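Undergrad: Dumping the structure here so I can ask a few things about it.
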Amino acid sequence: MTLLDGKVTARAYKEKIALEVQEWVARGNRPPHLAAVLVGDNPASVAYVNGKVKDCEQVGMKSSLIKLPSDISQEDLLAKVAELNADEGLDGFIVQLPLPNHIDEKTVTLAIDPKKDVDGFHPENVGRMALNLPTYLPATPHGILMMLEHYNIETIGKHCVVVGRSNIVGSPMSILMARNANPGNATVTLTHSRTVDLKTECLRADILIAAIGKANFITADMVKPGAVVIDVGINRVDDASRERGYRLTGDVDFDGVSAVASHLTPVPGGVGLMTRVALLQNTLQAARGEN
Ligand code: NDP
């Protein structure tokens, strides 16, 4: 079994992006600039946003972290979004999800200028993705494509089964794998909680992508021998032996599936790191005005 190592892959892409940033700046441009808006202090969101800011520094990009209180009104948040849309010194920004319950995420997503929507969540960008037009690809599926590319995994004509149909992972992943593009050109089955006989569907997969949010849900008996398995899940499992009281685990039973799969991503150290790299790639694309 070949480990699809997010650390190795992310490092390779970051080196490439850092060189491209250097060249961009050497041509007289200012460094690409990403802003991250963090509402409240959800620990997972704080960790994600801090990671994104650190990544920017590593590749020579500028980053701004905008912290807003959890009781901010939707109106005030929308005013901040409008300010960022108009800021010419900023190439792209993200509003870290989830937002507090009193704020409607769809309204906020719609308010972001599609040209600055480096998360690729705005309906205009989702539509452009579906039509195979230049756009920002959503970070997690984009990161997975970069991972498949890095390991030269053939996707053309393969049967890809995606488990989970969320707007940010499963649905765009299924669209991207089916597009007439490379990676892509796979025959795709998109499954979800209403799928009848999920095991049979999964067993047909040459490439199985799990984005469910349930620890160790995909077991060895659901995986075709030799399949490529991509584990998107990030789940907290109680673990008294850890100082923080939990450990992170994916949606795939790593030990069992590693005996059957040809390739497998670890959690942590897999897709999560590539998600962060994809955001950098989108920010560089925004700076170049390529969307
Ligand atoms: P959502 O909760 O939005 O979606 C989960 C999907 O899984 C839904 O489509 C749901 O189906 C489906 N599902 C749930 N139970 C079953 C089941 N028993 N059988 C089949 N399908 C099922 O999650 P996300 O897509 O946002 O995230 C999925 C996981 O990936 C989470 O662990 C999350 O933390 C992680 N994640 C990791 C990222 C990374 O960078 N590595 C980035 C984003 C997320 P239905 O639609 O019918 O309810």
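Undergrad: Select from region 225-249 the residues that are under 24 Å from ALA186 (Cα atoms) and buried (at least 19 other Cβ atoms within 10 Å of the Cβ) and write down the one among them that is farthest from the chain's Cα centre (by Cα). Steps first, answer last, please.
TA: Going through region 225-249, the residues under 24 Å from ALA186 (Cα atoms) turn out to be 225-233.
Restricting the remaining residues to those that are buried (at least 19 other Cβ atoms within 10 Å of the Cβ) gives 227-233.
On the way: ALA227: 22, VAL228: 18, VAL229: 16, ILE230: 12, ASP231: 12, VAL232: 9, GLY233: 11 Å.
Checked region 225-249; the qualifying residue farthest from the chain's Cα centre (by Cα) is ALA227.
Undergrad: Continuing with this model, one more query. How about region 110-127: which of its residues are out of contact with any Pro (no Cβ under 6 Å at 6 or more places or on another chain), within 14 Å of the ligand (Cβ to nearest atom) and either in contact (Cβ under 8 Å) with a residue 60 or more places away in the chain or among the polar types (S, T, N, Q) (or both)? Explain how you work it out, then say what you get.
TA: First, pick out the residues of region 110-127 that are out of contact with any Pro (no Cβ under 6 Å at 6 or more places or on another chain): 110-119, 121, 123, 126-127.
If we keep only those that are within 14 Å of the ligand (Cβ to nearest atom) as well, we get 119, 121.
Passing the criteria: only ASP119.
Undergrad: Just to be sure I understand, how many residues within region 128-139 are buried (at least 24 other Cβ atoms within 10 Å of the Cβ), in a helix (DSSP H, G or I) and either more than 15 Å from the ligand (Cβ to nearest atom) or of a type in the set (S, T, N, Q) (or both)?
TA: Count: 0.
Undergrad: Starting from region 178-203, keep only residues that are over 21 Å from GLY157 (Cβ atoms), then list their pairs with residues that are of a type in the set (S, T, N, Q) whose Cβ atoms are within a distance under 7 Å, requiring at least 6 positions of separation or different chains.
TA: Pairs found: LEU198/THR191.
Undergrad: Still on this structure: Is it true that some residue in region 194-210 is of a type outside the set (Val, Ile, Thr), within 21 Å of the chain's Cα centre (by Cα) and assigned to a loop (DSSP other than H, G, I, E, B)? Reasoning before the result, please.
TA: Narrowing region 194-210 to residues of a type outside the set (Val, Ile, Thr): 194, 197-199, 201-206, 208, 210.
Next, only the ones that are within 21 Å of the chain's Cα centre (by Cα) stay: 208, 210.
Subsequent filtering for residues that are assigned to a loop (DSSP other than H, G, I, E, B) retains none.
No; the residues of region 194-210 include none that is of a type outside the set (Val, Ile, Thr), within 21 Å of the chain's Cα centre (by Cα) and assigned to a loop (DSSP other than H, G, I, E, B).
Undergrad: Looking only at region 44-98, count every residue that is closer than 23 Å to GLY289 by Cβ, among the basic types (Lys, Arg) and in a strand (DSSP E or B) and tell me the total.
TA: 1
Undergrad: Kindly provide the set of residues from region 176-217 that are in contact with a strand residue (DSSP E or B) (Cβ under 8 Å, 6 or more places away or on another chain), of a type in the set (Val, Ile, Thr) and more than 10 Å from the ligand (Cβ to nearest atom), ordered by number.
TA: Answer for region 176-217, where residues must be in contact with a strand residue (DSSP E or B) (Cβ under 8 Å, 6 or more places away or on another chain), of a type in the set (Val, Ile, Thr) and more than 10 Å from the ligand (Cβ to nearest atom): THR187, VAL188, THR189, ILE207, ILE209.
Undergrad: Another question, if that's okay. Determine the pairs where a residue that is at positive phi, located within region 143-167, has a partner that is within 16 Å of the ligand (Cβ to nearest atom) and part of a strand (DSSP E or B) with Cβ atoms under 8 Å apart, the partner being 6 or more residues away or on another chain.
TA: Final answer for the pair search is GLY164/THR191; GLY164/ALA210.
Undergrad: Mind telling me which of the residues SER262, SER193 ends up being more than 24 Å from ARG11 (Cα to Cα) and either surrounded by 24 or more Cβ atoms within 10 Å (Cβ to Cβ) or of a type in the set (Ser, Thr, Tyr) (or both)? Steps first, answer last, please.
TA: On the way: SER262 fails: more than 24 Å from ARG11 (Cα to Cα).
Of the residues listed, the single one that is more than 24 Å from ARG11 (Cα to Cα) and either surrounded by 24 or more Cβ atoms within 10 Å (Cβ to Cβ) or of a type in the set (Ser, Thr, Tyr) (or both) is SER193.
Undergrad: Can you pull out the residues in region 1-43 that are of a type in the set (A, V, I, L, M) and in a loop (DSSP other than H, G, I, E, B)?
TA: Selection gives MET1, LEU4.
Undergrad: Failed condition for LYS224, given (1) within 15 Å of the ligand (Cβ to nearest atom); (2) in contact with a helix residue (DSSP H, G or I) (Cβ under 8 Å, 6 or more places away or on another chain); (3) among the basic types (Lys, Arg), with all others met?
TA: LYS224 satisfies all of (1) within 15 Å of the ligand (Cβ to nearest atom); (2) in contact with a helix residue (DSSP H, G or I) (Cβ under 8 Å, 6 or more places away or on another chain); (3) among the basic types (Lys, Arg) except (1).
Taken together, the values in this text are just the output of simple stated rules run on the coordinates, not laboratory data. Given the structure is predicted, the values throughout are model-derived calculations rather than measurements. In this analysis, Cβ positions are derived from the backbone assuming ideal geometry, glycine residues included, and neighbour counts consider all displayed protein chains.
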